[in-house]
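The values are calculated or read from the model by the stated rules, or taken from the named source; none is laboratory data. Everything quoted here is computed from the prediction, not taken from an experiment. FYI the Cβ positions are ideal-geometry reconstructions off the backbone, even for glycines, and counts take in every protein chain you see.
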């Protein structure tokens, strides 16, 4: 993934409670991201949300126009497909023990199993990582950061930068734009945004919604199956929380100069 390529990662707000200056159906790369508050949904209490309109505080990230699931299942499948020996053995053993086909991986069961299997892979690898760390320390390599770039006076007056890592919940990325030595724009696309985001301008659902299609409910009044599936993503939507007053106005707006 090229984090600087405007054609790769874009966020949409077609069904989100935000506005874009260029229109709600436009996709924006995080460098150009906008977060303009625009709640036009129903006033609580309400029975349901109209999904043909805006219905979420989350944006809809897309990679080359496609909705992407991130997290343990995505990582396990990538390792499996790339021929990672230990992951392949673990997945095959799990499928055989449960007597289910490989298609079962694309499910609540598969998502939960993947979290356990990659934990096994990580735990086994940690001994080697620790040995490498100790060896580096014994060799005198005690660095934890680049001292040459630590002083802000060495930074350019204008710059763009992006960082990406794999968090337990999935791909986590941050983009920053600096102008005149100050942060001009900062956007974060977090794992639960990828997974929980609403439909985009093309009507494509995010992973949460897609995972619930065709669910059979034993008791519609107690839809435990829906809860179980959403829980398998390990949701964390704190980044979509907005604190407002009873009239819907933001309570605090902090600007750092």
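Please indicate, with yes or no, whether at least one residue in the range 218-240 is over 19 Å from the mean Cα position of the chain (by Cα) and on the phi > 0 side of the Ramachandran plot. Among the residues of the range 218-240, not one is over 19 Å from the mean Cα position of the chain (by Cα) and on the phi > 0 side of the Ramachandran plot, which makes the answer no. Here the range 201-236 is the region considered, the condition is being surrounded by 15 or more Cβ atoms within 10 Å (Cβ to Cβ) and assigned to a loop (DSSP other than H, G, I, E, B), and the residue that is modelled with the lowest pLDDT is 236. Kindly indicate whether any position in the range 238-245 is part of a loop (DSSP other than H, G, I, E, B), more than 25 Å from residue 71 (Cα to Cα), out of contact with any strand residue (DSSP E or B) (no Cβ under 9 Å at 6 or more places or on another chain) and at pLDDT below 90. Yes: the range 238-245 contains one or more residues that are part of a loop (DSSP other than H, G, I, E, B), more than 25 Å from residue 71 (Cα to Cα), out of contact with any strand residue (DSSP E or B) (no Cβ under 9 Å at 6 or more places or on another chain) and at pLDDT below 90.
Scanning the range 30-37 for residues that are touching a helix residue (DSSP H, G or I) at 6+ places or on another chain (Cβ under 9 Å), closer than 27 Å to residue 249 by Cα and surrounded by 14 or more Cβ atoms within 10 Å (Cβ to Cβ) turns up nothing. Taken as a whole, the condition of being in a strand (DSSP E or B), within 24 Å of residue 17 (Cβ to Cβ) and without any contact (Cβ under 8 Å) to a residue 60 or more places away in the chain applies to residue 186. For the range 158-183, the set of residues classified as in a strand (DSSP E or B) and more than 21 Å from residue 58 (Cα to Cα) consists of 159, 160, 161, 177, 178, 179, 182, 183, listed by residue number. Screening residue 40 with (1) closer than 25 Å to residue 177 by Cα; (2) out of contact with any helix residue (DSSP H, G or I) (no Cβ under 9 Å at 6 or more places or on another chain) gives one miss only, at (1). Which ones in the range 162-183 are exposed (fewer than 14 other Cβ atoms within 10 Å of the Cβ) and more than 13 Å from the chain's Cα centre (by Cα)? Residues satisfying the conditions are 163, 179, 180, 181, 182, 183.
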